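Colleague: Take this structure, written in structure tokens, and hold onto it; I'll ask about it next.
The values are calculated or read from the model by the stated rules, or taken from the named source; none is laboratory data. Please read these numbers as outputs of a predicted model, since none were measured by experiment. Here Cβ is always computed from backbone atoms with ideal geometry, including for glycine, and neighbour counts include all displayed protein chains.
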Amino acid sequence: MADEGLVHVAVGSVALDGNLLVPPGATGIVLFAHGSGSSRFSSRNRHVASTLREGHLGTLLIDLLTPREEARDDATAELRFDIGMLADRLIGTVEWIRAQPGLSAMKIGLFGASTGGGAALVAAAARPALIHAVVSRGGRPDLAGAALARVEAPTLLIVGGNDVPVIALNREAYDQMHCERRLEIVPGATHLFEEPGTLEKVAELARGWFARYLQ
């Protein structure tokens with residue numbers, strides 16, 4: 001169901017819609033930061049989230065923009081690159097998770113796609129005590145700028161082997177980071193990992209990384 005586990009997360013003056021699903025026995029939870037022009041209904045992120053839940057991890061897919069903001073962004077594409085705002089909303093959502101009965105003791109990870117990868121790293125740098133692992137899929141870690149050097153959470157950067165410009169951006173970001181980190185290049189994959197088997201590889205890599213650091 002599209003809105004299974006529907007929650008409303010108050011962050012500042014806005015309320016963000018999300019889907020929170022936590023399997024029995026979960027010891028960690030992963031918050032998803034979607035990318036440019038995407039949403040919590042992204043079929044790719046939902047596939048990864050399903051794989052994470054099979055690995056006994058909770059998932060929260062959230063829209064970082066309100067419906068009105070989404071409509072504005074569809075016309076202008078300006079908000080999807082407002083990394084500071086997106087990171088602030090991720091931080092607010094992490095703090096919301098920590099305040100929920102039954103979730104407060106769980107370690108929290110961030111999964112960012114495209115521009116969401118940059119926002120996830122900015123959030124991780126700002127809240128090192130709250131964010132315990134980061135995975136970026138086809139991400140733009142370069143958009144995190146100076147925050148890259150302050151990230152403490154173990155970080156996995158996943159890029160498609162045919163996504164040549166983004167590989168270069170991820171290599172540069174990797175070199176600026178000092179935390180435990182890994183760059184995984186998925187052979188034959190383009191930016192959206194639409195080729196057969198490539199998204200499954202992303203999901204397996206992410207599940208292994210989060211299982212290691214959140215449990």
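Colleague: Kindly evaluate L60 against the criterion of being within 15 Å of the chain's Cα centre (by Cα), of a type outside the set (F, W, Y) and either outside any loop (DSSP other than H, G, I, E, B) or farther than 20 Å from A124 by Cβ (or both).
Modeller: yes
Colleague: For the range 78-99, name all the residues that are at pLDDT 95 or above and not in a helix (DSSP H, G or I).
Modeller: Passing the criteria: only A99.
Colleague: For the range 144-154, does any single residue satisfy the condition of being assigned to a strand (DSSP E or B) and either in contact with a Lys or Arg (Cβ under 8 Å, 6 or more places away or on another chain) or touching a residue at least 12 places away in the same chain (Cβ under 8 Å) (or both)?
Modeller: For the range 144-154, residues assigned to a strand (DSSP E or B) and either in contact with a Lys or Arg (Cβ under 8 Å, 6 or more places away or on another chain) or touching a residue at least 12 places away in the same chain (Cβ under 8 Å) (or both): absent.
Colleague: Regarding G118, is this residue under 21 Å from M85 (Cβ atoms) and in contact with a Gly (Cβ under 8 Å, 6 or more places away or on another chain)?
Modeller: Judged against the criteria, G118 is a match.
Conditions (1) among the acidic types (D, E); (2) free of Cβ contacts under 8 Å to residues at least 12 places away in the same chain; (3) farther than 19 Å from W209 by Cβ, marked per residue:
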{"position": "G18", "(1), (2), (3)": "no, no, yes"}
{"position": "T59", "(1), (2), (3)": "no, no, no"}
{"position": "A99", "(1), (2), (3)": "no, yes, yes"}
{"position": "L103", "(1), (2), (3)": "no, no, yes"}
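Colleague: Which of the following residues is touching a helix residue (DSSP H, G or I) at 6+ places or on another chain (Cβ under 8 Å) and more than 17 Å from T51 (Cα to Cα): E195, E180, E204, E152?
Modeller: E152
Colleague: With respect to the numbered conditions (1) under 27 Å from N162 (Cβ atoms); (2) in a helix (DSSP H, G or I), which one is the sole condition not fulfilled by R68?
Modeller: (1)
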